[in-house]
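Take a look at the structure set out below.
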Amino acid sequence: MPASLLPEALLRPDGPIAATDRELAAVFAGWPLGHPDARLVQEYLTGRAAGVLDVSGRPAAGSGAEAATMGTDGNGTDGAGTDRTDGVDTPAPGSIVLDDASGALALVVALTGAGPVVAYADSIAAEESARRAVDAVEAVGSRIQRMASVQPTPGLRALAEASRSLPGPCRVILSAPKAVRVLDEYLEVLAPVAAEFVVVGRDKHMSRGLNAELAKFYDRVDVSPGRAKSRLLIASRPRSAASQGTASHAPVPGASDRIPAPRTAAVSTRVPGIPDIRVSAFGACFGGPTSDPGSELLLDAVRSHLGPAAPATDLPEADGSPPAAAEPVPTDADQPVAPRRILDLGCGNGWLLAALGALHPGAALTGVDVSRAAIASATVTCAAGTPDGNGSRARAADPHHSQPTCPRLLLQDATAPLPWGAGAEAVAAGMFDLVVLNPPFHDGTTIETGTARTLIHRAHELLAPGGRLVCVFNSHLRYRPIVDRVFGTSVQWARDRRFTVVSAAVPA
Ligand SMILES: C[S@@+](CC[C@H](N)C(=O)[O-])C[C@H]1O[C@@H](n2cnc3c(N)ncnc32)[C@H](O)[C@@H]1O
């Protein structure tokens, strides 16, 4: 694996890499070692601009760089032959940086190119930390357009609108997505305006499926040499006429009007009394158009303990042994009344909210999520409801139910301090009788449990006196002690081979 894509000349202390390194090291303590993906993009863009690298990230023919670079790792182009003739970069008049969690990619792109940069992330928490980093570099901060400035229009539509603000065909840099369907959606929206589409990530997060997806939109897909276990997939020669550019690089009107429809499926559950629910999910939404098995267990526990049915018999332990006898089942005295104000903290595609709406038809439902795709998906799911048309909106119009059940959905980082939102729409402490929580334990492709800890604290603040948290997690995660610490005590409501559901109440 080469130590660098670049020849020595570009790596000297008076060279272009050293100049951008000084800016980046002032913002990121671990630069460049702690940011291998952004470093690789920095080298690729610098080498392309100098004409020493071709579109595949290898020495450009005739540039004299072939002998000077430290070699490649033998990975050639993928599906497009080994054409190395287009070595000199045609300057892209703008760039789009996607799902850059730290701001390092946006800064690298802005520092190595002259055009405007659009930065978009599905997670508004990622976008916020990127914003802080980018704002630290005065020289380029103003050239980076962020989605915050085009809110309240969320998600892919805002991205499409922003891409149209660029002066011509652009270069897209995407941090490797968790699922191919995320790439697919970005390609649908951006391939019409992107002359080059680059995916950057750790080797272990790159799949063949990503190459195949890029190849649907571009005639050439290259795999760059690896560097520090990171790699680029570079798609060029777009099939769409618009992104091939025009002589004048004129804006491409209407090129990105097409917003992909969410994937949709009718989801049945084994939980008694819950109808099939038509679930929709945009690409980046957790789980796709499905119900999460952990959330199904949680829903069944809520039905058993808070719904019209009697408590279910205890489930066996993970190893098949009888249920732990010590687990207290709530008595009538601590059995809360049916919840009227329910919050799903991290609502994903909205399936759980829609199901809770079916279980408690009179309740006011709220969903909060940090992901633009999740809120967009939950909006569609909750509006459609069950395949027979008996959706939330239909129930809202039912004269037998006094309160509307169409959920309020909020794009919000739930780790942020309360209150969230403003005015009548604000979500504040003490507002809910029931908070359901199926917390994340991944941040992108990394395992992370700190968010769950903060969300458990937030749930406690959000509950009214007598209100109750119901939380599900993978049984190997040690979340129950956290719930115990925050609430004083908890009870196990359910457990199966993979998941544990615990409940804890705020004193009345
Ligand atoms: C395991 S999923 C649960 C989805 C849904 N409640 C269900 O049961 O199907 C966790 C959700 O939490 C969201 N999430 C992660 N971090 C968050 C944060 N800081 N604030 C709000 N939502 C967050 C994720 O986007 C994801 O949709």
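The values are calculated or read from the model by the stated rules, or taken from the named source; none is laboratory data. Remember, predicted model here, so these are calculated numbers, not experimental data. So basically every Cβ, Gly included, is an ideal-geometry build from the backbone, and we count neighbours across all protein chains shown.
Confirm whether Ala284 is within 15 Å of the ligand (Cβ to nearest atom) and either in contact (Cβ under 8 Å) with a residue 60 or more places away in the chain or not in a strand (DSSP E or B) (or both).
yes
Within segment 419-431, does at least one residue satisfy the condition of being surrounded by 16 or more Cβ atoms within 10 Å (Cβ to Cβ), modelled with pLDDT of 95 or more and not aromatic (Phe, Trp, Tyr)?
yes
Just to verify a result, which residue in segment 375-415, among those that are among the charged types (D, E, K, R), assigned to a loop (DSSP other than H, G, I, E, B) and away from the ligand (no atom under 12 Å from the Cβ), is modelled with the lowest pLDDT?
Of everything passing the filter in segment 375-415, Asp398 is modelled with the lowest pLDDT.
Hey, among the residues in segment 101-132 that are closer than 21 Å to Thr454 by Cβ and among the aliphatic types (A, V, I, L, M), which one's modelled with the lowest pLDDT?
We begin by selecting, within segment 101-132, every residue closer than 21 Å to Thr454 by Cβ; these are 101-102, 121-132.
Filter again for among the aliphatic types (A, V, I, L, M), leaving 101, 121, 124-126, 130.
Details: Ala101: 90, Ala121: 92, Ile124: 91, Ala125: 91, Ala126: 90, Ala130: 84.
Across segment 101-132, the extreme among qualifying residues is Ala130.
If the Cβ limit is 6 Å and pairs must be 6+ apart or interchain, which residue in segment 409-421 that is without any contact (Cβ under 8 Å) to a residue 60 or more places away in the chain and in the same structural domain as Ile375 (by TED's automatic domain parsing) pairs with which residue that is part of a loop (DSSP other than H, G, I, E, B) and within 8 Å of the ligand (Cβ to nearest atom)?
The qualifying pairs are Trp420/Gln412.
From the residues in segment 5-22 that are within 25 Å of Ala133 (Cα to Cα) and touching a helix residue (DSSP H, G or I) at 6+ places or on another chain (Cβ under 6 Å), which one is surrounded by the fewest Cβ atoms within 10 Å (Cβ to Cβ)?
Restricting to residues being within 25 Å of Ala133 (Cα to Cα) and touching a helix residue (DSSP H, G or I) at 6+ places or on another chain (Cβ under 6 Å), the top hit is Leu11.
Just the residues that are more than 9 Å from the ligand (Cβ to nearest atom) and either among the charged types (D, E, K, R) or not in a strand (DSSP E or B) (or both), please, taken from segment 356-374.
If the condition is that a residue be more than 9 Å from the ligand (Cβ to nearest atom) and either among the charged types (D, E, K, R) or not in a strand (DSSP E or B) (or both), then Leu356, Gly357, Ala358, Leu359, His360, Pro361, Gly362, Ala363, Arg372 are the ones that fit.
May I ask you to list the residues in segment 470-508 that are under 15 Å from Pro293 (Cα atoms) and surrounded by fewer than 21 Cβ atoms within 10 Å (Cβ to Cβ)?
Scanning segment 470-508 gives Asn474, Ser475, Asp496, Arg497, Arg498.
Of the numbered conditions (1) buried (at least 23 other Cβ atoms within 10 Å of the Cβ); (2) at pLDDT below 95, Val172 satisfies every one except a single condition; which is it?
Only one criterion in (1) buried (at least 23 other Cβ atoms within 10 Å of the Cβ); (2) at pLDDT below 95 is unmet by Val172, namely (2).
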